[in-house]
Amino acid sequence: MRLKKQLAVLVAAVLAFVVILPVFAADDTPVGRYLIQIPEDKKLTVRANPSSQAEAIDYLYNGDPVEIVDVVNGWARARKNGVFGWFDAQYAQLQQEYECAHLIADISTAAASSVDFNTLAAAGVDGVLLRFGVSANHADVIAMDANYAENYEAAKAAGLAVGVYFASSAINSAQIIREYEWVLQSLAERDDSFTLPVFYRPTTAEQKALTSAENTLLVSAFCQQMTANGYQAGIYLPYDWTSQNMDFSALNAYTRWIADFGDYCNFTRSFDLWQYTAAEAFEGVDGEIGLSYLVRDIITEEPQEPTESEPAETEPTETEPTEPVPEESTTAIVEVPQHSMGEYVVVREPGCSTCGEERAYCVDCGKLLAMRVTEPTGHRDSLWQTLRPATAEQGGILIRRCDICGEITKMQFTQPLESSHIHLFSDWTYIDAVQDSILHNTLREEGLTGEQTDTKTRTACAVDRERVLTCTDCGEVVAVYADTPAAHTPVESPAVVTADCENDGHSRILCRDCGLVLTDEVTPAYGHDVAEWEIVKAPTLEEEGERQGTCARCHQTVREAIPKLEAILGDVNGDSRVTSADARLVLRVSVQLETLSDDAALAAADYNGDGHITSADARLILRAAVGLDAQ
């Protein structure tokens, strides 16, 4: 490993130029993630230089997260509001230690038309990641970055560590094959060597919209090919890609380059590079470059050289797009199991005020693939009935029941017979039936229902709403109608389960208020991918065998049963037919000219079942072969 270098330069992005500071001896305080620990009512001054006399450029407050990349004479350097500054290191509490803090620039011709790599090196940049190639239109067009060759030679001459990244647009296996074959072919033609990884970098919204399983398989396919050909492999991802976009646990073998633009990296999993800006004006650069911290020392001492392998059949050039590789390419990666989803079937009919449920299954294997909730049908009312007749002093109550469920859904209040008041109707208004149900309370008073249920466990989307008509003159309730429950408020479940080799994944939409699962889309388990099996126990006619191997995806040891041997009586040579060749073989065994070691063959040869293999068995097998006896 190359010796670690601490950054010795203050990159002050003020007026788009770089201020170069003298080199200081670094303290023992490690670089890494820190939290500021000061009293709540205090603030910590951030200064332009490591001195109490230097200009104050910002402030830090208690609990602020910072990424410290250098410590000199008790002064810590970190990035705040886009500018590097210094503060007293004693007020920072270590959260995560980094191995190093190399400054790495990423460069593409699209953002920077020319770069002075010697200036980058003098300013404290330790390495560069150059855009090697770019894919467009789902890998139909693949071309090398126009300035890659020039940038590579200049970066190497400046003594910088060099790696590359490939900007991908692939969304399926055929397209990722075209991409990695192009990359390997182009690298082999140039014979470049690297001390940093070859990174896969997704670039399109379509890629982010793929399922976690699909993205994981695409990335794995690319990185596995780079590793197999002698390169370090890595993935570039925005920090907001979650387990819905990528199964990170399946990619632990590869370098992680996380983009999170700001003063602190919010990515919660482990990472190796943090790209804190993608567009930094830098002295010696005509345009802009990205800047990242390499927090784990992965710079190899010896350049990575490509291994000897058969070149891909594609014939790319540096300036012209490649011809698409036919879809029937023989190179393959393992795909997610392809299910054929049938139509949704009803497993629970919706009620008047309750949701129904529908499910969709694979028409081939019957696996559940999706579930969704259907809305209530609403009540269907009968004719008006008198619940309580009006008297001279007391008003009456009329009701309507639902013909389907029998519940009382509408109620009208009539005035006393001797009343001369005429109601003036208001507009219909909804009331919160969870907290104050006029229908329920009235029916309870009339002895038609029990005590009201606990309102704390009831939500508006789980009970009928109530529409109320009141008199604008006297304020009395004139009518109350039950309505279907309020609509569910869908939210994405925070507990998304990612598919793995053995377990299905689930992406669920819940109701925010009542917690009901509204949709559940199932991502089938991948299944283990074992290339080579080791026989632990050979199967026999009486017992199953067992084999084991290592899964290429999850790296777990997989054990599975081997079915018992099945012997076809008379089929001694195992070709699934009983012929004269079997009779001849049995005859040779009976006179000890040959031996049978396979249990299935031995069982098939003992045609008469006497426990011995003799010429009698050969004769019976020959008769069965020519049709004289039935098998």
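Rule-based calculations on the coordinates, nothing more; no lab input. Worth saying up front: this structure is predicted, and the values here are computed from it rather than measured. Note: ideal-geometry Cβ built from the backbone for every residue, glycine included; neighbour counts use all protein chains shown.
Length gained on full extension, Ala56 to Arg467, computed as 0.36 nm times the residue gap minus the Cα-Cα distance: 141.7 nm. Annotation for Ser426 and Arg577: the two label points, set 7 Å from Cα along the Cα-Cβ direction, are 9.2 nm apart. As a calculated quantity, the FRET efficiency between Glu476 and Glu97 at R0 = 45 Å, using C-beta atoms, amounts to about 0.05. Between His488 and any residue 5 or more places off or on another chain, the built amide H atoms are never under 5 Å apart.
For the stretch 597-631, backbone nitrogen atoms closer than 18 Å to the point 7 Å from Ile568 Cα along Cα-to-C-beta are found at 598-608, 618, 620-631. Here the Karplus relation 6.51 cos²θ - 1.76 cosθ + 1.60, evaluated at θ = phi - 60°, turns the backbone of the stretch 157-171 into coupling constants of 5, 7, x, 8, 5, 10, x, 9, 9, 10, 7, 9, 10, 6, 10 Hz, with x for every Gly and Pro. How high is the FRET efficiency between Arg296 and Leu417 when r is their beta carbon distance and R₀ equals 56 Å, given to the nearest 0.05? Computed FRET efficiency for Arg296 and Leu417 comes out at 0.05.
A protection proxy built from the mean count of other Cβ atoms within 10 Å ranks the segments 113-126, 394-407, most packed first, as 113-126, 394-407. Hey, could you get me the Stokes-Einstein D for the stretch 25-157, Kirkwood radius over alpha-carbon pairs, 37 °C and 0.692 mPa s, rounded to whole µm² s⁻¹? Using the Kirkwood radius from Cα pairs, D works out to 189 µm²/s. Annotation for Ser615 and Asn266: the two label points, set 7 Å from Cα along the Cα-Cβ direction, are 8.9 nm apart. Dividing the convex hull volume of the alpha-carbon atoms in the stretch 369-441 by its residue count gives 145 Å³ per residue.
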